[in-house]
Amino acid sequence: QVQLVESGGGLVQPGGSLRLSCAASGSIFSINTMGWYRQAPGKQRELVAAVTGTGSTNYADSVKGRFTISRDNAKNTMYLQMNSLRREDTAVYYCNADVIPTRYSGSLHYWGQGTQVTVSS
């Protein structure tokens, strides 16, 4: 099985910064695209940012210029640097990874447990 473990969430004041991490472990051959999603109360889960296996990135319009997604393939770890945080960034943030399991062809999507980010003064 594959497990995604997130860390770095917490409480921060508007204008502050947080860095989220997502570490993948288990029976992993390789990982294709990884992404961060978030879900605020009463709203659908939405894509925040994604990074492909070759390093291409894309961002939601609401976070462009403020958030930066990156990955360390040697560590099977993805990061989300969040700067200039706003109250509307408050949400549960989820890690997602498109994983090729060991000895398998094709890939499967896995989700982390979610981590709370609260932006409040």
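Of all the options G35, G16, G106, the one that moves most in a Gaussian network model of the chain with Cα springs shorter than 10 angstrom is G106.
If R0 is 30 Å, the Cβ-Cβ spacing of S62 and S107 corresponds to a FRET efficiency of close to 0.60.
Take the Cβ atoms of T54 and I28, set R0 to 22 Å, and the FRET efficiency comes out at 0.80. With all protein chains in place and ligands, DNA and RNA left out, the 1.4 Å accessible area ranks R86, R19, R103, R66 as R103, R19, R86, R66, largest first.
What the Kirkwood sum gives for the chain is a hydrodynamic radius of 14.5 Å, with every pair of different alpha carbons counted. In this structure the amide hydrogen of G9, modeled in the peptide plane, comes within under 5 Å of no amide hydrogen from residues 5 or more places off or on another chain. How much of the accessible area of segment 70-121, probe 1.4 Å, is carbon plus sulfur, in whole percent? Using a 1.4 Å probe with all protein chains present, segment 70-121 comes out at 45 percent carbon and sulfur.
The values are calculated or read from the model by the stated rules, or taken from the named source; none is laboratory data. Since the structure is predicted, the reported quantities are computational estimates derived from the model, not experimental observations. So basically every Cβ, Gly included, is an ideal-geometry build from the backbone, and we count neighbours across all protein chains shown. All accessible areas refer to the heavy atoms of the entire protein, side chains included, with ligands and DNA or RNA removed. Shrake-Rupley method; radii C 1.70, N 1.55, O 1.52, S 1.80 Å.
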